[in-house]
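Working notes, beginning with the structure itself.
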Amino acid sequence: ADVKAVMSNAGSALMGIGQASGENKAVEAAKDAINSNLLDMSIDGARGIVFTITGGPDLSMTEVSEAAKVITSAADEDAKIIFGAVVDEKMKDQIKITVVATGFDGQASGRERDTQTYTPNTFIAQEGKETASATAGSDSSDKNKAKFSVFKNIPA
């Protein structure tokens, strides 16, 4: 399988990046990549994964294998997985892993992350020398008439 086979017509794609150094750097970087803040949900059950492991001259095959085990354990058992390892002379005692996962059947196949939604209560907008204020949910008809060039979000 090639990258096109893994990524084409696979629906949503999730991307995560992890970087670590020290004794257990391969496992830590892999865990960070699949639990990255860039991901809106888990890669659990992904049927297509492409990942790259970048390390310094000290990158060992054991570390590549350890990282691959962490990432592939989150995938579907029949997943198409492609990965590569790259040596970057500048990355002494560091590993960086980038993961792209696809193939979730349009469903949130993993656990969705808890995210907080913030709805502002107040907006203050300034146009020229005049100031207009509108509170969310108020009946002020003036708030929709003016075009404002500057908005400042003020939490309640």
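The values are calculated or read from the model by the stated rules, or taken from the named source; none is laboratory data. The structure presented is a predicted model; accordingly, all values stated were derived computationally and were not measured. Neighbour counts run over all protein chains shown; Cβ positions are idealised from the backbone, glycine included.
Surrounded by fewer than 13 Cβ atoms within 10 Å (Cβ to Cβ) and under 25 Å from residue 5 (Cα atoms): does that describe residue 77? So residue 77 passes the test.
Within region 79-96, residues that are in contact (Cβ under 8 Å) with a residue 12 or more places away in the chain and within 14 Å of residue 68 (Cα to Cα) have Cβ atoms under 6 Å from residues that are basic (Lys, Arg) and crowded, with 18+ Cβ neighbours inside 10 Å in these pairs: 79/47; 95/25, counting only partners at least 6 apart in sequence or on another chain.
Taken as a whole, the condition of being modelled with pLDDT of 50 or more, in contact with a Pro (Cβ under 9 Å, 6 or more places away or on another chain) and in a loop (DSSP other than H, G, I, E, B) does not apply to residue 77. If you go through region 50-65 and keep only what is of a type outside the set (A, V, I, L, M, F, W, C) and within 19 Å of residue 101 (Cβ to Cβ), you end up with 52, 54.
Conditions (1) in a helix (DSSP H, G or I); (2) outside the structural domain of residue 90 (by TED's automatic domain parsing); (3) among the charged types (D, E, K, R); (4) modelled with pLDDT of 75 or more, marked per residue:
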| position | (1), (2), (3), (4) |
| --- | --- |
| 14 | no, no, no, yes |
| 20 | no, no, no, yes |
| 27 | yes, no, no, yes |
| 33 | yes, no, no, yes |
| 36 | no, no, no, no |
| 39 | no, no, no, no |
| 45 | no, no, no, yes |
